[in-house]
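**Student:** Let me begin by handing over the structure; questions about it come next.
None of the figures in this text is laboratory data; all of them are computed from the coordinates on show. Since we're looking at a predicted model, the values are computed, not measured. Positions of Cβ are generated from backbone atoms using ideal geometry, with glycine treated the same way; all protein chains shown enter the neighbour counts.
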Amino acid sequence: MTGLAELFSGTIVLTVLTGAALLGAISGMLGAFAVLRRQSLLGDALSHAALPGVCLGFLIAGGRDLGAVLAGAFFTGALAALVMMLITRRTRLKTDAALGIVLSVFFAVGIVLLTVIQGQGGAGSLGLMSFLFGQAAALLRSDLWIMGGIGLAALALVLAFWKEFKLVSFDADFARAQGFPVTLLEIVLTVMVALAIVVGLQLVGVVLMVALLIAPAAAARQWTRALGPMVVLSALIGAASGASGALISASTRGLATGPVVVLIATTAVLVSLLVAPGRGLVWQAIAARRARARIGERRVLVTLQTLAAAHDNAGYKAEQGMIRTALGAMPTQARLAALERRGLIRPVSHPPETTTHWELTEAGHAETAALSAKAPLSDKDPPQ
């Protein structure tokens, strides 16, 4: 407990913790729209496109001036977004191809400029490498005000144009047919994503920023089908990932904050993919198993009904081996036990035979009649 108090007493730790939480919330909120627009690669392209802007800002300012560096990053990020939109609208290339072109070209230019700057020497040029992978310890209190301002501006825009953003995210063609300025709305969304990337460069870096944009939204998408709850949940997952990553990094020597934050956000995605109700792999496996069980039980009931009808005896006692032969390789014993627990069939004796026989109860006859009326099984149904 004392160690935790000492950890929070540090100004740098509190600054990094607050900044990581703010960045995670902003990225999660805006990343939800990128995921729904099927532009997950957009964040990757814009984050890599920010690198030449970082270098240009350094060259223009003559040193590692944070304002100039971030302004340059935003400029090249916005330019990359416009180039991508021009490629998709003026050529036959699809969005993924345009994003790939923009990502590789801008990042290559950034690496060339970074090499040139490092070749010139100087202590300030060494710090530019931190923008590739982030350097949370360099975060200042003044940077928190910038993050908070950008976060509030993004939230205000999302609330003001909620209906428009929602329509563009789910059906851009319908929005265009209704007269909405789809291109302008997409530009606004893209610019906000670029702003979030610029804010996160110092904390997470160019390479890992895309994960913080996409991972919270991908995790939130598994838990809800509505846009509003998804955006809120994505922001919460992003904030929690940022805060917990900062705490783990601060309490463990040698761990960089950015990669830890990304690993936690990725863990949230994996957990969501596994256990999210209705969509998680575990839930789907359970649902598939239950469906197979229901189909198997239904086939047992229909088999008993068919045998009773063939012998013109509603209380016909079917021998267990006969049922197994009729159903093939299906695990009959488990299905018979399940139906008995439900009160749809019952075991009976059939002297002089000593093997177990089964017959439908009144509830079983009613259940079988209802199933046959809804969707009767054919003889071609495969065994389960």
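**Student:** What percent do you get for the relative contact order of the chain when only Cα pairs under 8 Å and 6+ apart count?
**Tutor:** Working: 565 pairs, mean separation 77.7, N = 384.
Answer for the chain is 20 percent.
**Student:** Taking the Cα centre as origin and putting +1 on Lys and Arg beta-carbons and -1 on Asp and Glu beta-carbons, what dipole magnitude results for the chain, to the nearest 20 debye?
**Tutor:** Computed about the Cα centre, the dipole is about 380 debye.
**Student:** Please find the FRET efficiency linking residue 346 to residue 225, where r is the Cβ-Cβ separation and R0 is fixed at 35 Å, and quote it to the nearest 0.05.
**Tutor:** That gives a FRET efficiency of 0.25.
**Student:** In the chain, if the dipole is taken from +1 on Lys/Arg beta carbons and -1 on Asp/Glu beta carbons about the Cα centre, which of 243, 286, 14 is farthest to the positive end?
**Tutor:** Going by the charge dipole, the pick is 286.
**Student:** State the extension gain, in nm to one decimal, for the chain segment bounded by residue 253 and residue 294, taking 0.36 nm per residue of separation less the distance between their alpha-carbons.
**Tutor:** Value of the extension gain: 9.3 nm.
**Student:** Moving to a separate point now. Taking a quarter of the surface of the convex hull around the Cα atoms of the chain, what do you get in nm²?
**Tutor:** 29.0 nm²
**Student:** I've got another one for you. Please sort through the DSSP H helices of the chain and keep those with an alpha-carbon extent of at least 15 Å along the long axis and a Kyte-Doolittle average not below 0.5.
**Tutor:** Values: long enough: 11-36 (38 Å, 2.06); 40-61 (33 Å, 1.50); 66-90 (35 Å, 1.62); 95-120 (38 Å, 1.80); 141-160 (29 Å, 1.52); 182-200 (27 Å, 2.61); 209-221 (19 Å, 1.76); 227-251 (36 Å, 1.52); 257-275 (27 Å, 2.29); 281-310 (43 Å, 0.37); 362-374 (18 Å, -0.25).
Helices meeting the criterion: 11-36, 40-61, 66-90, 95-120, 141-160, 182-200, 209-221, 227-251, 257-275.
**Student:** In nm, to one decimal, how far is the residue 60 label point from the residue 86 one, both placed 7 Å along Cα→Cβ?
**Tutor:** Label at residue 60, label at residue 86, 1.8 nm between them.
**Student:** Could I ask something else about it? Take the Cα radius of gyration of region 278-362 and divide it by 2.2 N^0.38 Å, with N its residue count; two decimals is plenty.
**Tutor:** 1.23
**Student:** Report, ordered by chain and residue number, the aspartates and glutamates lying within cross-link reach of residue 166, taken as a straight Cα distance under 14 Å and ignoring same-chain residues fewer than 8 apart.
**Tutor:** 186
**Student:** Follow-up question, since we're still on this one. With each label point set 7 Å from Cα along the Cα-Cβ vector, what nm distance links residue 153 and residue 362?
**Tutor:** In this crude spin-label approximation the distance works out to 7.5 nm.
**Student:** With a ≥ b ≥ c taken as the square roots of the eigenvalues of the C-alpha gyration tensor of region 175-279, please select rounded if a/c is under 1.5 and otherwise prolate if a/b is larger than b/c or oblate if it is not?
**Tutor:** It is oblate, given that a/c is not under 1.5 and a/b is not larger than b/c.
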